[in-house]
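Structure record follows, encoded as structure tokens.
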């Protein structure tokens, strides 16, 4: 029997049976037993060791590792009013968590856990390094090479979740005022309630923050906020 | 970081710059142990993580690795829990290790052990597994990379598929199924159907777009579409297996094994153990004598969740098999 006719026959047999587990099913890793993973037996063909520089996918990484330039990271807040921070000469091993910490400190003692770092509108997990991010998004928007300096600029967006500014810290008076004037959570924390909350811009900003965190898609979150807000506004407009 | 610690680190940084590695290593060790003795664990960890990174980045794998291990010691002693900050610190140290540094393996194993002991994941934290696996893949250590990426995050299948494919390109063209199976079968054995499918899809798309690519034929039925590779029968075996596990029907699994028996034999038994386990986990075909707690448990979860009670499942493994609700 040819491969094709067997496959056809098999699919027919398959169709007669109900699906019991979906193709994207995942057993919760918290229930794995305490042991290492099973892997298949070793192959006779040992993997060749690459010599530097690494292969295509890693070329961005190797460029970045070049001692000359280093990476310049720009952290742009999504909401105007918060400072944009530039971190020159970062190592490619710098993790997203390091970026959060740097932003938190430089913006005047924000709470690291309330900061999200986004790349191409998607939140990036703490454990990723700049090299990982570059290897993935090779040539994506927000990366530019300055001609002569051989310096790579990586741009991230920063999203501050409600309460990000809540951590008090020994910053200078001036910095502090900056934060207070822009802190998204401040008015909410002081306890407006009921409809007042809904009328304030902050609420919708916070809601969007939550949706972004949950859905991990900026466009979709923005759309949803508009839908919610539109619906709420039209419901209050009508008697 | 307190200014006192900052000063200490700055001083040692000078030493490292001047090439006085031994001295820097010894002093950092002494300072850290003074902090641990007085239960100032946070300070000890600061010193050790900064110190380890200084030495590792200067190419001093031995002494840097020693401080890194010491840091994990303190993590364990102080019962530091795995959270964003504690994991980030570990990963910064891990990434500072020079490529193919021998002490790194020990550090990776210890870090996984720490996360298993004090965190929520008995087999180790998926994020830590993922980063370790990616680093190993980058260093062309395929077996270590597999071991960690199999237990990694949802990003892991992409890296694993890429590594297996790169490895495959160093071998004969008809060996493609052997390489993709190294991702697909272990993912199935960890109950991660999503990752198994993703790795298979990524590998085969790359294969199809390679030149000269294999011959491909498309087959469709009312519920499934499949690419058939007439020259790569075992690749079809894997593709059909991924569809069959969703149905959990023993007859389907037997049909596959019969049709591909000759090809499977050519592998010299490389898939036998994995397939026997998959037969038990997904299709309820009991293996006469085996006692691997991982497979036992995964089998219970999948079979229990599916409430499949076919004849060939001799008896339900009663005692330890409450169907966990976490299946979906």
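Using a 10 Å cut-off around each Cβ, can you sort A:210, B:21 from fewest to most neighbouring Cβ atoms?
Neighbour counts put them in this order, fewest first: A:210, B:21.
Provide a whole-number value for the mean count of partner chain Cβ atoms within 10 Å of the Cβ atoms in peptide B:142-152.
The shielding value for this peptide is 3.
Run the numbers on chain B and let me know its relative contact order in percent, using alpha-carbon pairs under 8 Å that are six or more apart.
8
What residue among B:135, B:54, B:267 has the largest mean-square fluctuation in a Gaussian network model of chain B, using Cα springs under 10 Å?
Highest fluctuation of the listed residues: B:267.
Post the alpha-carbon centroid distance, the stretch B:168-207 to the stretch A:1-23, in whole angstrom.
Here the answer is 20 Å between Cα centres.
Within a 10 angstrom radius of the beta carbon, how do B:221, B:208, A:235 rank from fewest other beta carbons to most?
Least crowded to most crowded, the residues run A:235, B:208, B:221.
Extending each Cα 7 Å along its Cβ direction at residue A:84 and residue A:217, get the distance between those two points in nm, one decimal.
2.9
Taking the beta-carbon count within 10 Å as an exposure proxy, list A:71, B:275, B:56 from fewest neighbours to most.
B:275, A:71, B:56
Suppose only helical runs count, i.e. DSSP H with n ≥ 4. What mean residue ellipticity at 222 nm does that imply for chain B under -39500 (n - 2.57) per run, divided by all residues and rounded to the nearest 500 deg cm²/dmol?
So the helix-based figure for chain B works out to -21000 deg cm²/dmol.
Using Cα centres only, tell me the gap between the stretch A:206-222 and the stretch B:24-65 in whole Å.
41
Within the stretch B:6-22, which residues have the backbone N less than 12 Å from the label spot 7 Å out from residue B:37 along Cα→beta-carbon, could you tell me?
Once the point is set 7 Å along Cα→Cβ of residue B:37, nothing inside the stretch B:6-22 turns out to lie under 12 Å by backbone N.
Below 8 Å, C-alpha to C-alpha, sequence gap of six or more: please give me the relative contact order for the stretch B:161-245 in percent.
It comes to 26 percent, rounded to a whole number.
How big is the stretch B:1-112 on each of its three principal axes, counting only the C-alpha atoms and giving the largest first in Å?
So the three principal-axis extents are 36, 34, 21 Å.
For the stretch B:1-112, what is the relative contact order in percent, using Cα pairs closer than 8 Å and at least 6 residues apart in sequence?
24
With all pairs of different alpha carbon atoms counted, what Kirkwood hydrodynamic radius in Å does the stretch B:36-173 show?
Radius from the Kirkwood sum: 15.4 Å.
Does chain B classify as rounded, prolate or oblate by the C-alpha gyration tensor (a ≥ b ≥ c root eigenvalues; a/c under 1.5 gives rounded; else a/b over b/c gives prolate, otherwise oblate)?
It is prolate, given that a/c is not under 1.5 and a/b is the larger ratio.
Can you give the average number of partner chain beta-carbon atoms within 10 Å of each beta-carbon in peptide B:88-94, as a whole number?
For peptide B:88-94, the averaged partner shielding equals 4.
Along each of its three principal axes, how wide is the spread of alpha-carbon positions in the stretch B:159-265, in whole angstrom units, largest first?
Principal extents (Cα only, largest first): 37, 30, 29 Å.
Hey, got the average number of other protein chain Cβ atoms within 10 angstrom for residues in B:209-219?
Mean number of neighbouring Cβ atoms from other chains: 1.
Taken together, the values in this text are just the output of simple stated rules run on the coordinates, not laboratory data. Computed from a prediction, not measured in an experiment: that's the story for all the values here. In this analysis, Cβ positions are derived from the backbone assuming ideal geometry, glycine residues included, and neighbour counts consider all displayed protein chains.
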